[in-house]
Structure formats: C-alpha cells, structure tokens
Amino acid sequence: MSTTLDPSTASGPHRDASTGAPTRPPGRGWMLAGLGAGLAGIASVVASTTVDAVYEPDNLGDAEAIAEAMADLVPQVLVFHTATMVSCALLVVFAAGLHRHLQRRTHPDSIVPGVAAIGVVLVCVAQLMGAGLTTEFAFAFAAPEDAYVPETVVFFGHWIGTIPWLWGGIGLTALAMVSATFRQGAFPRWVGWTSLVLGGLTTLFLVSPVQYMAGMTGPIWLVVVSAALLRSVRRA
C-alpha cells in the first residue's frame, strides 16, 4: 500500500516525486499577490466611480462641461491609475503562482491550470488597457492651456468607466478552480462553492452586454480565495 503526500502541506524537507531530490517548499508570495491584486482591484473600481464627470446629469451631451469638470478630478484619476496598475502587476504574479499550484494538484494532462492562468491574464490586459490613457489626460488637464479636444475627454470618461471593470476573465479562473475542487479534490469544498457562485456570476457578466459589472464580483472572489489559500498554508 502506498500513499501520496501533498507537497504543499507536508512538513520537513520536500522532495521531487520522480527523482527524490530535495526541493524548496512552495512559497505563498503569489497568494499574497492575489490578495493585494484583489484589494487594489476594488480600489481601482471605487476610484473610477469618482471620475464621474461624464455621467453627471448636468453634463450630459455637453462635451465642454464634461472636460471642465474632468480637469478638477486629476487627483482621483491618479489614484485610479495607481490602483489599477498595482492590481495589474500583482495579477501577473498571481497567475504564475496559481498555474504552478494547480499543476501540482491536478492530473498531468489537465487543462485546468492553463485555463485558470489565462483567465487572470485576460484581466491583466483589461487593467493595463484601462489605465493606458490616464497619464495622457492627467498631463493635459494640468497644462496651462487647453491641450485636448473636449470630445476626447468624453471618450476618456467612458473608457475608464468601463474597460478596467472587465474582470470577466477571472470568472473562468474561478470555474477552473471549481473543476479542480470537485473533480480532483484540489481545494476545500467551500472554496469550490464560493468559486461556483462568484465565478459563475462573473462569467455570466463576461458574456452579457453588461460585462463591466464583473468588476463588482471578480475582485471580491480574488480576495476571498487568496485569503483562504493563505489560511490553509498557515495551518499546514
């Protein structure tokens, strides 16, 4: 009779299953990165709602009024930009760590690790693109003379109110973790159920005409799951 020892929870020196050579125990830095990315993602979404000149009822249809109001929101724009890019950078680390983690916990021919990582990368791209115009307009608003066409400011307002909210890709990551939990026993069942509810809702947003609503569920899922993984490592 033989038993399989999970290298992520075993104490003492870790060894490669095929060679028996000692290996370093898996770190938890990527889990911390996931937690930080989720919190920064929430901050990004909240900050983008404060850059609301384009949505103010008094400004509707008036490009010059929108541009004038937006010029007073440079601090909010910079907070949004910073939070979004911090989230983007940390998501890269989380994607790599989650991919490696799932490779260790799923069957060798499973596509779950790849789907999970790609879902996170899709969010990284949305975050990168979502904050891509902020520097251009922040400097323009701070210029002594008008350095922009008002209609472009209207576009910018809608851009940051939509693109960085596109967290739908992480719904695919969550559903991949559902498969890893219930079909391969990779995670506690409550993580699977949480991923099914929040991930399923986020994925529905992804394929719907209101895909930006994923920004309200995706970061929350990431915070909850990252905290759960950190807790499991500390217990081990």
Select from segment 203-220 the residues that are open to solvent by 20 Å² or more (accessible area, probe 1.4 Å), of a type in the set (A, V, I, L, M) and either under 19 Å from Val115 (Cβ atoms) or in contact (Cβ under 8 Å) with a residue 12 or more places away in the chain (or both) and list them in ascending order.
Leu204, Leu206, Val207, Met213, Met216, Ile220
Criterion violated by Thr152 - all others in (1) open to solvent by 50 Å² or more (accessible area, probe 1.4 Å); (2) closer than 30 Å to Ser110 by Cα satisfied:
(2)
Filter segment 60-85 for residues that are part of a helix (DSSP H, G or I) and either of a type in the set (Phe, Trp, Tyr) or over 29 Å from the mean Cα position of the chain (by Cα) (or both); the one that is modelled with the highest pLDDT is Phe80
All helices (runs of 4 or more DSSP H) inside segment 116-211 with 2 or more residues being among the hydrophobic types (A, V, I, L, M, F, W, C) and more than 22 Å from Tyr55 (Cβ to Cβ):
134-142, 169-182, 189-194, 200-207
Scanning segment 113-125 for residues that are of a type in the set (A, V, I, L, M) and open to solvent by 10 Å² or more (accessible area, probe 1.4 Å), which turns out nearest to Val79 (Cα to Cα)?
Val125
Within segment 105-115, the count of residues that are in a loop (DSSP other than H, G, I, E, B) and in contact with a helix residue (DSSP H, G or I) (Cβ under 6 Å, 6 or more places away or on another chain) comes to 1
Meets criteria (within 21 Å of Gly36 (Cα to Cα), modelled with pLDDT under 95 and open to solvent by 60 Å² or more (accessible area, probe 1.4 Å)) for Arg235:
yes
Please state which one of Gly200, Gly185, Gly171 is crowded, with 20+ Cβ neighbours inside 10 Å and either more than 30 Å from Ala65 (Cα to Cα) or among the small types (Gly, Ala, Ser) (or both).
Gly171
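The values are calculated or read from the model by the stated rules, or taken from the named source; none is laboratory data. Everything numeric in this text was worked out from a predicted model, so none of it was measured. All Cβ positions, even for glycine, are placed from backbone atoms using ideal geometry, and neighbour counts span all protein chains on display. What goes into the accessible areas is simple: the full protein's heavy atoms, side chains included, and nothing from ligands, DNA or RNA. Shrake-Rupley method; radii C 1.70, N 1.55, O 1.52, S 1.80 Å.
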